[in-house]
1. Can you pull out every residue in region 55-90 that is touching a Ser or Thr at 6+ places or on another chain (Cβ under 9 Å) and basic (Lys, Arg)?
2. Within region 69-107, take every residue that is polar (S, T, N, Q) and under 19 Å from the mean Cα position of the chain (by Cα) and give me the one that is farthest from Ala128 (Cα to Cα).
3. Please list, ordered by first then second residue, the pairs with beta carbon atoms under 9 Å, 6 or more apart or interchain, first in region 228-253 and closer than 19 Å to Asp186 by Cα, second among the acidic types (Asp, Glu) and crowded, with 19+ Cβ neighbours inside 10 Å.
4. Can you tell me which of Leu183, Leu177, Leu222 is touching a strand residue (DSSP E or B) at 6+ places or on another chain (Cβ under 8 Å), under 23 Å from Ala311 (Cβ atoms) and crowded, with 19+ Cβ neighbours inside 10 Å?
5. Does region 179-195 contain any residue that is within 29 Å of Pro275 (Cα to Cα) and assigned to a helix (DSSP H, G or I)?
Amino acid sequence: MNRFVTAERALRTAAPHELLDAVRRVLSEEYAAESVELFLADYGLTVLQPVSVPPHTAQPVAVHDSPAGRAFGAQEPFIEKADSASMRIHLPVTVRGDRLGVLSVTLGNDGATRGVLGELADIAEVLAHEVVVAERDTDVYLQARRKARLTLAAEMQWQLLPGRSCSRREYDLSAQLEPAYALFGDNVDWTATADRLQLYVTNGTGEGVEASLLTNLAINALRNARRAGITIENQAALADQAVYAHYQGRRHLAVLMFDFDLSTGRAKVVDAGSPRLLRLRDGVVEHVDFEAQLPLGMFEETDYVVQDFQAEPGDRLILVGDRAHAAAAPEGETYGDAALARAITSTRLLPASEVPRAVLRELTGHRGRSAPKNDALVVCLDWRGR
């Protein structure tokens with residue numbers, strides 16, 4: 001335990017850009033580590049990028065068929081035998097359900113190694129918290145996450161997101177956007193308190209920076225109203241006014257808003273557009289319809305009305321942006337509810353963190369091309385309740 005305290009103190013006192021150096025030093029001194037590497041998941045969740053000094057020369061490792069990727073996917077430590085004298089331990093670097101990457105530590109192959117596995121996992125968790133805090137003051141970790149250059153619009157969109165996933169005892173929440181390096185206007189936002197979860201899924205319109213600017217205006221208008229303690233129907237009304245005041249009805253965007261009571265699973269819903277909701281319950285996928293209201297910014301001073309929704313323990317809720325739903329294969333077949341239902345059913349055994357990416361892979365296969373022409377958003381909410 002004293003070694004863990006030493007490691008924790010070293011990470012908390014390290015300069016933001018020196019977290020990897022700090023964890024290497026303390027693991028070498030306190031745990032006799034032979035090597036330590038930090039890998040961060042890229043924006044597309046396809047590879048784990050090594051954190052190194054630019055220009056980055058170390059090679060990334062695949063998320064889906066590598067030992068580090070197994071630790072990342074399962075969110076459990078994975079032990080790889082390096083040789084007869086050493087073993088390599090891959091540890092998830094995750095903060096509150098948001099999977100950042102993997103810490104890989106090579107130790108001597110003796111009986112004491114497995115005894116420190118719990119401590120090493122705790123150190124990886126502390127490292128995850130420190131990386132999130134450090135990103136306020138350095139670009140080292142944001143640079144390491146990208147395997148290609150982001151477009152300006154994508155840079156704006158990723159910075160707007162609260163995270164890529166979140167976990168609490170009542171729910172697991174995860175989202176993914178594609179094409180990860182060339183996003184337009186789709187977005188997801190959430191916030192939670194002791195008693196409530198508010199979740200917003202946005203369908204942006206337009207392309208490039210203009211689409212991102214529209215979404216940024218709407219999301220920040222919703223946040224501004226939400227942080228003033230205003231109900232979701234009035235949040236929608238104020239964001240609607242903000243968008244209309246700027247664009248005078250020339251531009252608008254759709255949003256689906258939820259305000260969940262964590263103790264009961266009952267939610268207030270505002271459907272302004274909107275993205276689609278599909279529910280997997282008892283092995284059956286069904287489309288959940290709400291009464292669609294006007295998108296934000298279409299007309300001046302639109303009033304919005306809440307509707308009721310009930311989530312039951314064991315429900316998997318999949319929210320899909322319109323452009324993902326309407327994507328077409330080369331033959332012209334639309335990727336509608338039937339295809340989405342098949343994709344959702346095929347991922348029923350995966351954890352929520354893996355579902356959005358898996359559904360988007362299915363979408364890419366249906367399209368018949370390697371990258372979507374328009375951006376696509378999938379959000380997965382696994383509801384456990386209390």
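1. Across region 55-90, the qualifying residue is only Arg88.
2. Initially, region 69-107 is screened for residues polar (S, T, N, Q), giving 75, 84, 86, 94, 104, 106.
Applying the additional criterion that residues be under 19 Å from the mean Cα position of the chain (by Cα) yields 75, 94.
Details: Gln75: 13, Thr94: 5 Å.
In this case the residue turns out to be Gln75.
3. His252/Asp240
4. Matching residue, one of Leu183, Leu177, Leu222: Leu222.
5. Within region 179-195, none of the residues are within 29 Å of Pro275 (Cα to Cα) and assigned to a helix (DSSP H, G or I).
For every residue, the table says whether it meets (1) out of contact with any Leu (no Cβ under 6 Å at 6 or more places or on another chain); (2) surrounded by fewer than 20 Cβ atoms within 10 Å (Cβ to Cβ); (3) modelled with pLDDT of 95 or more; (4) in a helix (DSSP H, G or I).
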| position | (1), (2), (3), (4) |
| --- | --- |
| Ala22 | no, yes, yes, yes |
| Arg25 | yes, yes, yes, yes |
| Pro54 | yes, yes, no, no |
| Thr57 | yes, yes, no, no |
| Gly69 | yes, no, yes, yes |
| Ile79 | yes, yes, no, no |
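Yes or no, residue by residue, for (1) polar (S, T, N, Q); (2) in a helix (DSSP H, G or I); (3) under 24 Å from Ala352 (Cα atoms); (4) over 14 Å from the mean Cα position of the chain (by Cα):
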| site | (1), (2), (3), (4) |
| --- | --- |
| Ala153 | no, yes, no, yes |
| Gly163 | no, no, yes, no |
| Ala175 | no, no, yes, no |
| Tyr200 | no, no, yes, no |
| Thr215 | yes, yes, no, yes |
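One line per residue, one yes/no per condition, for (1) at pLDDT 95 or above; (2) open to solvent by less than 20 Å² (accessible area, probe 1.4 Å); (3) in contact with a strand residue (DSSP E or B) (Cβ under 9 Å, 6 or more places away or on another chain):
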| position | (1), (2), (3) |
| --- | --- |
| Ala128 | yes, yes, yes |
| Val132 | yes, no, yes |
| Val201 | yes, yes, yes |
| Glu207 | no, no, no |
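The values are calculated or read from the model by the stated rules, or taken from the named source; none is laboratory data. Everything numeric in this text was worked out from a predicted model, so none of it was measured. Virtual Cβ from ideal backbone geometry, glycine too; neighbours counted across all protein chains shown. Surface areas here come from the heavy atoms of the whole protein model, side chains and all, with no ligands, DNA or RNA. Shrake-Rupley method; radii C 1.70, N 1.55, O 1.52, S 1.80 Å.
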